[in-house]
Amino acid sequence: MIRKMTSAMNELRSIVMRAENRWTDIGIPRVAMVRAEVCADQVYQPMLHLVLQGAKTLSIGDRLMKYEAATYFLVPVDVPATGQIRQGGPGRPYLAISLALDPQVIAGLLQGEEGGGGPSKASCFSGVAAPDEMLDAWLRMVRLIDRPVEAAVLAPMIEREILFRALQGPLGGTLRDMARPGGRLAQIRRAIQWIREHFTEAFRVEQVAAMAGMSVPAFYRHFKSATAMTPIQYQKRLRLLRARWLLLFEPRDAASAAFAVGYESASQFNREYARLFGLPPARDVARFKSPAERATAAAMV
């Protein structure tokens with residue numbers, strides 16, 4: 001069994017080495033792969049993420065999560081995160097593959113399921129060891145890269161198999177929640193969409209809770225369960241990520257970037273920026289002097 005898993009992982013790694021230093025589409029809907037040397041700060045969209053080589057550390061709200069090779073994790077809603085990666089050794093870059101999560105596809109797998117399944121046995125964003133059956137399905141999926149005719153027929157079936165394996169694992173409850181149109185994650189997604197579209201504007205939590213159809217205490221509880229942040233912390237993280245992008249790619253000073261993303265105080269912006277990224281804005285941006293370095297900083301990893 002160990003030999004079979006090692007063989008599958010080795011072949012997966014060899015295929016994913018073809019990826020670029022950013023998330024690379026492979027011609028199969030919802031599937032992407034990456035070969036990277038650094039990890040970018042970004043808004044992660046709902047996906048299943050499988051680490052193949054090296055390791056990743058993500059700071060999501062008040063949680064610091066570490067993911068080793070042959071483990072996967074789920075992102076159930078759009079989540080702003082900062083991260084770092086560790087390569088697998090000299091000449092062994094970080095390798096990963098992801099599947100964007102479509103609630104309708106998951107719902108199709110749940111038809112006829114009795115009892116609705118239980119809650120997840122692991123907390124949201126936890127890393128879970130990928131079973132051999134899931135690795136085998138992933139291998140068959142990436143082998144389709146150069147077989148577009150076969151991919152059109154087989155990829156949807158393999159996608160369902162990967163999701164089926166995840167539904168049987170410790171994070172199955174989270175996937176089930178994603179697939180329920182009237183469930184708590186669907187309600188939180190509505191609120192998140194509004195915050196993302198209006199992140200530069202001040203808002204009262206009461207109004208966003210009403211959009212989600214929840215009381216304020218229930219909204220706080222479920223929002224933090226899904227994102228590891230309060231709604232205001234979520235908005236702040238969105239603002240800081242966007243401000244960093246503006247500083248890297250547009251000729252702006254820190255005050256201009258701060259006001260552009262909704263801050264009213266440049267000094268508050270500088271403090272919160274340094275707290276998140278480790279350096280004040282000017283010193284942070286100075287680390288990425290060349291266009292290549294800035295492109296790397298913005299890579300979607």
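Only the coordinates and a few stated rules stand behind these numbers; no lab work does. Bear in mind that the values here come from a model prediction, so they are computed numbers and not experimental data. When we count neighbours, we look across all protein chains shown, and the Cβ atoms used for this are built from the backbone with ideal geometry, even at glycine.
Observations
- Shown for the chain: lysine pairs separated by 8 or more places, or found on different chains, whose C-alpha atoms are under 21 Å apart, numbering 5.
- Nitroxide proxy distance, nm - points 7 Å out along Cα→Cβ at Val216 and Leu64: 3.3 nm
- Calculated from backbone phi, Karplus (6.51, -1.76, 1.60) coupling profile of the stretch 223-237 in Hz, x at Gly/Pro: 5, 5, 4, 7, 10, 6, 9, 7, x, 5, 4, 4, 4, 4, 5
- Applying Stokes-Einstein at 10 °C and 1.306 mPa s to the Kirkwood radius of the stretch 1-105, computed over alpha-carbon pairs, gives a translational diffusion coefficient of 112 µm² s⁻¹.
- Which of Phe203, Ile145, Ala258, positive extreme of dipole for the chain (C-beta unit charges): Ala258
- Translational diffusion coefficient (Stokes-Einstein; Kirkwood radius from C-alpha pairs) of the stretch 2-178 at 4 °C, 1.567 mPa s, in µm²/s: 79 µm²/s
- Charged side chains reduced to their Cβ positions (Lys and Arg at +1, Asp and Glu at -1) give the chain a dipole of some 600 debye around its Cα centre.
- Compared with the alpha-carbon gap, the fully stretched path from Arg18 to Val43 is longer by 6.6 nm at 0.36 nm per residue.
- For the chain, pairs of C-alpha atoms spaced more than 35 angstrom apart make up 22 percent of the total.
- Selection from Phe223, Pro103, Gln87 lying farthest towards where the dipole of the chain points positive, charges on Cβ: Gln87
- Cβ-placed point charges (K, R +1; D, E -1), dipole of the stretch 233-297 about Cα centre in debye, nearest 20: 180 debye
- Estimated FRET transfer efficiency (Ala255, Arg180; beta-carbon r; R0 45 Å; 0.05): 0.50
- Prolate/oblate/rounded call for the stretch 165-301, Cα gyration tensor, a/c under 1.5 rounded: oblate
- All Cα-Cα separations within the stretch 182-228 were binned at 5 Å from zero, giving a P(r) of 5, 24, 36, 26, 9, 1, each value a whole percent of the pairs.
- The stretch 91-211 - charge dipole about Cα centre, Lys and Arg +1 at Cβ, Asp and Glu -1, debye rounded to 20: 260 debye
- Considering helices alone, the calculated mean residue ellipticity of the chain at 222 nm is -15000 deg cm²/dmol, with DSSP H runs of length four and up weighted by -39500 (n - 2.57) and normalised per residue.
- Full extension of the chain between Arg190 and Leu110 yields a length gain of 26.6 nm, computed as 0.36 nm times the residue separation minus the alpha carbon distance.
- q = 0.17 Å⁻¹, the stretch 233-297: log10 I(q)/I(0) [Debye, one scatterer per Cα]: -0.51
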